[in-house]
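The values are calculated or read from the model by the stated rules, or taken from the named source; none is laboratory data. Because the structure is a prediction, the values reported are computed rather than measured. Positions of Cβ are backbone-derived with ideal geometry, glycine not excepted, and every protein chain shown enters the neighbour counts.
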Amino acid sequence: MNATPQKLPALAFITLLIIAFMMGANHVAARFAFNDGVTVATAVTFRSTATALVVALILIWQKVSWQVSAKQRRYLVVIGALIAVQSIFLYSSVARLPVALALLVFNTYPISTAMWARLIYKHQTPKPVLIAMPLLLLGLALALDVASATSGLSAQAHWQAIGSGVAFGLGASLTFGLALVFTQHETQGLDGRLRTFTTMAQVGILAGLFTLSTGGFHLPSVASGWWGLFGLTALYGTAFTIMFTILPKLGVVGNSAIMNVEPVFALVLAWLMLGQSIALVQLVGALVVVSTVIWLGTRKK
């Protein structure tokens, strides 16, 4: 066990920033698709199926073993279902809130993860997480303008406008946190590439079945919508491809906290491409949330 964390190589740092950029851009592209009538389930089906195919090719190319234990198989089904719900919830939040705010609500998942670990596995919540919790909640309160200080609306009207989006974002945080806890405790020793393939394949299948049972696929009718659907699929799939082909060679853990700058990239891209903007106090709140999550991920273990 290392006493001190290793310094991150410059190439690894840049690669992680590129992944974070693509993840943020994926959600901005999704908003273009949703604005053209593409349903959330349709977007999740396209994105997840394409990503599963890409990761499957990586598995074949790198000759990864496909063997899993009976216990791992059971929990992979559970994790796949949770990520399917999380994907639907997060894109539903993106469809209802400014993109950056939706991602900030979702970025409360360290709190959700600690909560599930305590409830299910009786783990003591680490002191840094306890310190971070009020900071995350304060930053989120500022980012969402909970008192409607800058929206120009009454508090009731403000929450009528953002309430469902916030609820979906929190739902995504809760389901993702539970998936992380099960992944950590019930799939130990399983190759991350194989776990990602099974998860994405299940998400694609479940989202596809849900789409077919609720009126079928809703495809774009104009060019911007098609670019949005293509963009969210290509960006997500490319980010995962880089994560599992380049990062291992750089000796970087795939879920590095540096990638939590994704909401910052989303904020800038949504401002440039969608005309979405937030007040200064909301920006301060966003920086508090992002900085706190990065601190949690990079703290000395």
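Name the residue that is surrounded by the most Cβ atoms within 10 Å (Cβ to Cβ), counting only residues in region 259-301 that are touching a residue at least 60 places away in the same chain (Cβ under 8 Å) and among the aromatic types (Phe, Trp, Tyr). Filtering first and then ranking leaves Phe265.
Got a sec? Which of Ala117, Ala102 is surrounded by 24 or more Cβ atoms within 10 Å (Cβ to Cβ) and in contact (Cβ under 8 Å) with a residue 60 or more places away in the chain?
Just one listed residue meets the conditions, Ala102.
Considered as a group, the residues in region 46-73 that are touching a residue at least 40 places away in the same chain (Cβ under 8 Å) and of a type in the set (D, E, K, R) include one that is nearest to Thr245 (Cα to Cα), and that residue is Arg47. Considering region 114-148, the residues that are farther than 18 Å from Val166 by Cα and β-branched (Val, Ile, Thr) include one that is modelled with the highest pLDDT, namely Ile120. On the stretch given as region 143-161, residues that are among the hydrophobic types (A, V, I, L, M, F, W, C), farther than 16 Å from Ala102 by Cβ, free of Cβ contacts under 8 Å to residues at least 40 places away in the same chain and assigned to a loop (DSSP other than H, G, I, E, B) total 2.
For the residues Thr198, Thr187, Thr214, the requirement of being among the β-branched types (Val, Ile, Thr), exposed (fewer than 15 other Cβ atoms within 10 Å of the Cβ) and over 15 Å from Gln86 (Cα atoms) singles out Thr214.
On the given criteria, is Ala84 part of a helix (DSSP H, G or I) and either within 22 Å of Val181 (Cβ to Cβ) or among the acidic types (Asp, Glu) (or both)? Spelling it out, Ala84 is indeed part of a helix (DSSP H, G or I) and either within 22 Å of Val181 (Cβ to Cβ) or among the acidic types (Asp, Glu) (or both).
For every residue, the table says whether it meets (1) under 24 Å from Ala266 (Cβ atoms); (2) out of contact with any Pro (no Cβ under 9 Å at 6 or more places or on another chain); (3) buried (at least 16 other Cβ atoms within 10 Å of the Cβ); (4) of a type outside the set (Ser, Thr, Tyr).
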position	(1), (2), (3), (4)
Leu144	yes, yes, yes, yes
Thr150	yes, yes, no, no
Ser154	no, yes, no, no
His158	yes, yes, yes, yes
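Filtering Gly237, Gly165 for residues that are out of contact with any Phe, Trp or Tyr (no Cβ under 9 Å at 6 or more places or on another chain), more than 28 Å from Ala114 (Cα to Cα) and surrounded by 19 or more Cβ atoms within 10 Å (Cβ to Cβ) leaves a single hit, Gly237. Scan region 174-191 for residues that are of a type in the set (A, V, I, L, M) and either in contact with a Lys or Arg (Cβ under 7 Å, 6 or more places away or on another chain) or under 14 Å from Ser69 (Cα atoms) (or both) and the total you get is 1.
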